[in-house]
Amino acid sequence: MTAQQARQPQSWHTLDVGVVIERLGSDAKIGLTSEAAGRLASEHGPNALPAPAKPSSFLLLAGQFRSPLIYILFAASALAAGMGHWADAGVILGVVLTNALIGTYQERRAERSMAALRSLSTLQVRVLRDGSEQSLSAQDLVPGDILLMAAGDAVGADARLIEEVAFAVAEATLTGESVPVSKNVAALPASTSLADRRNMVFSGTYVSAGRARAVVVATGTHTEVGGIARMTESAQEPKTPLEVRIGQLGRYLVYAAIVLFFAVMALGLARGLPYSEVLMVAISQMVSVIPEGLPVAMTIALAVGMQRMAGRGAVIRRLSAVETLGSINIICSDKTGTLTRNEMTVSALWLPGGREIAISGVGYAPQGELSGLDTDRVSIDSSVKALLEACVLCNDAEVVPPEDEAAQWTVLGDPTEAALLVAAGKADIEVSALRQRYPRLAEIPFDSDTKMMATSHSRLPGRSTVYIKGAPESVLKLCHSDGKAALLSAGDAGEAMAADALRVLAVARVDDLDLDITAGFDELAGRATLLGLLGQIDPPREEVKLAVAACLAAGIRPVMVTGDHKITGLAIARALGIAQDGARAVDGAELERMSNAELLEQLDGIAVFARVHPAQKLRIVEILQSRGDVVAMTGDGVNDAPALSRADVGVAMGITGTEVAKSAAKIVITDDNFATIVDAVEQGRVVYCNLKKVILFLFVTSVDEVLILLLALLAGYPLPLAAVQILWINVVTESTLTVNLVMDPPDGEEMHRAPVLRGEPLVDRAMLVRIATLVPVAVAATFGWYAWRLSSGLPYDLVRSETFTVMALCQWFNVLNCQSSTRSALHLGILRNHWLAGGLVLSVVLQAVVLYWPPFNKLFHTAPIPITDLLSMVALASSVLWIEELRKFWVRNFLNQNILRR
């Protein structure tokens, strides 16, 4: 089919499957050829919706002026112009425009960074091409591709079903249907509405159960969701809580600037000072209150945080997650693959009658032997063969051999099921031959509620056998009671395996039964014969134990939430340090019997939640949040989506995670490793800590300027700083430092502090204390120099230039002070942050330009300062650093560090 034909309205749901495939030039058994797929891709283009229109640079620039802080500066410029100070007015406007240009550049840069990070988590789909299964980006789908789908997959394009088994799709995003829709392959009338097209799947929806094959009929803008894409083009991501709090802080500062303006005017006029002089002082005060560099610094801090996290394997999907990470005090983590290596290996078999068999070898290469407890090797008798053959047939995974000696065996499907195939291979069972000999007739797919799956196979003409695989407690309930003693023995054996940190599966068989998938497992109850148990080991990741210890030191409590047996989970939790002395495990059945009040009471003593279903995961998150905890929850399955959405930070697995889980999460970790989550938490704390450093630095500077101007007014001195000089300090001197201060690397103490409290104010008590200690020193040095030099009879322009420079020098020393509240700036070293070192050098150069370049002397009311005087000014301004060093020394040696390091 040509691209032009594909653009015409088609009623694919009305056609038989064979007709659809024929029209699209595809083949149900081999799919498209690579050549045909390439040709169709060039005709149809990428399978993607048009990207939202990026705001133009002009609109981004205009957005920089939509701030009450900027309105104050415009007002100051207008007042200066009204008094005839055109140079001052021009400089204020010029610096505001420069600040806006910097903000525009940084926003565009952050936008590009976020786009690049989002591309790391693009949708992957499975297709049939050239007769083999392939994984590719959904953007590469073309009409005619054969889609392979299973529970948890996202549908990458509109497609017509070819075959399905217990297949259901969640279509709420498209049709509003709140429950998953069961699908079939039968043709439908032309008048069938979109919501009732049971033989179609649509882009943007998710598979909730079963498996299916479908042929792609529409891609990109020609899909159903493409038709309504324009309705969402104008949607914008809401502001994060941090942005809201900074916006609120900005409004408070505007109110403060207005109040200060009128207070200065009233005070000056009451003293009988000339109106024009008082007005210039009031304008200067108003300018000094505004921290112009704060919005730009916040944008850079969040963007840098996202990039650093991506570098460590954590892709941020929601900007709010960056700030929330610093507040997490509970991490609910899955076990398999996150805390463990996810390299499942069957290491033990148990057969009815109490026979135990050990299996050697690790990983997915079928290399190993079966041995008894007292013998080196066992013969593969009928009971062992029956158990392992059942594991092969009741199994959806595949193990693919390496293409060369340097490569490794790879798994397609669930690692737990792949381990069963490897065990069968070690017993010399040919997996592919066995599956061809006994093809699957029907199946009940694995379900997280029943914790079982069942398949039906034709073993003899006219007779079929059903194989069941799943959790021992579920499978044993289906077995007939004739062998009650054997079932009890199996239960004990399963618990013994679990106590050794083995994941246990039970396998059973029902002979001479046609599987009725609509009846589910109910018809199998009491009819199954137990074939045996298998114990799988999934060793803990070596790095996770260190990550757990880091969590505990940081005031974060890890909790295991697993589908495994509680004994297995508790054994792993103890090995990793998650379960401390006295901690216990609770399974889903016990959890179900607990009221919310009982669960709240016992919560601190529970280290492992085992055998929990999705609704219980959601309940665990909500109970933790109800007592004020900030919760991160990991998940990978389609049924984990509600808990991931409800958690403060939902964390999806990048390797094993379904597209549903990734869409519901705020973070996707690319290596499925618990240690990566801890690294992301550390980076979240770094971002928040660096923003607090910037806010402290900006506030100290603003308060310094306000107090110096007020002291001059009260003492009857002329204006010590011109409005344009204040603006220079606020925008040029500060900006060269703040945008680089947010680049500070971790100081090593982030994971030794308590989590950031939810709703903690940006300017908290600890910051106010530091402001109260830093400000007096800088004010005394600056105003003292100004008063002394003015009384010496020096020219006013020179004294004002020196005061302006002492002020800048104090800020250069203060930025070093702000890097840590307890650690010495001399110990940290300026080269620790190369960006900040470069910013300081740039700031010094710019200050020299404004002092010694004649055109700037006129604009900024400055005069060249003799070099000999500069050395005295540097020595005086350095007192800001030395006095703060004394305070830090006192804090480190005489106060409780655990309290004051925050």
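The values are calculated or read from the model by the stated rules, or taken from the named source; none is laboratory data. Remember, it's a predicted structure, so these values are computed and weren't measured experimentally. Note that each Cβ is placed from the backbone with ideal geometry, even for glycine, and that neighbours are counted across all protein chains shown. For the accessible areas, the whole protein counts, side chains as well, though only heavy atoms, and no ligand, DNA or RNA atoms are used. Shrake-Rupley method; radii C 1.70, N 1.55, O 1.52, S 1.80 Å.
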Using only the C-alpha atoms of segment 611-728, find the volume of their convex hull and express it per residue in Å³.
-> 153
At a 1.4 Å probe radius, which order do Ile380, Ile444 fall into by accessible area, largest first?
-> Ile380, Ile444
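Show me the ranking of peptides 579-587, 762-770, 397-405, 336-344 by mean Cβ neighbours inside 10 Å, starting with the highest.
336-344, 579-587, 762-770, 397-405
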Candidate aspartates and glutamates for bridging to Lys566, where Cα separation is under 18 Å - those fewer than 8 sequence places away on the same chain excluded = Asp334, Asp449, Glu473, Asp492, Glu495, Asp500, Asp538, Asp581, Asp587, Glu590, Glu592, Asp604
What whole number of Å gives the distance from the Cα centroid of segment 492-536 to the Cα centroid of segment 807-862?
-> 71
In straight Cα distance, which lysines are under 25 Å from Lys666, not counting same-chain residues fewer than 8 positions off?
-> Lys54, Lys239, Lys335, Lys545, Lys617, Lys692
Which order do the peptides 724-735, 211-222, 159-170 take when ranked by the mean count of other beta-carbon atoms within 10 Å per residue, highest first?
-> 724-735, 211-222, 159-170
Between Trp788 and Ala407, how many nm apart are label points set 7 Å from Cα along the C-beta direction?
-> 7.7
Accessible carbon and sulfur surface of segment 587-732 relative to its total accessible area, %, 1.4 Å | 55
Ala875 to Ala28: extension gain in nm, 0.36 nm per residue of separation minus the Cα-Cα distance?
-> 296.7 nm
Sticking with the crude label model, points 7 Å out along Cα→Cβ, report the distance from Val841 to Ala766 in nm, one decimal please.
-> 3.3
Assuming R0 = 22 Å, what is the FRET efficiency of Glu495 and Arg355, from their Cβ-Cβ distance, to the nearest 0.05?
-> 0.80
Sequence-distant or interchain residues sharing an amide H contact under 5 Å with Ile578, placed H: which?
-> none
Heavy-atom accessible area per residue of segment 636-732, all protein chains kept, 1.4 Å probe, expressed in Å², is 22
For segment 491-551: rounded, prolate or oblate by the Cα gyration tensor [a/c cutoff 1.5] | prolate
Highest mean packing first, using Cβ neighbours within 10 angstrom, the peptides 140-149, 308-317, 860-869 sort as 140-149, 308-317, 860-869
Net charge of Cβ neighbours under 12 Å - reference Ala209; Lys, Arg +1; Asp, Glu -1 = -3
Dmax and Rg, reported as Rg then Dmax, of segment 420-467 (C-alpha, Å) | 12.6, 34
Which percentage, to the nearest 5, of the DSSP beta bridges contained in the chain is antiparallel?
-> 75
Give me the aspartates and glutamates in straight-line cross-link reach of Lys469: C-alpha distance below 13 Å, same-chain residues under 8 apart excluded.
-> Glu389, Asp396, Glu417, Glu443, Asp447
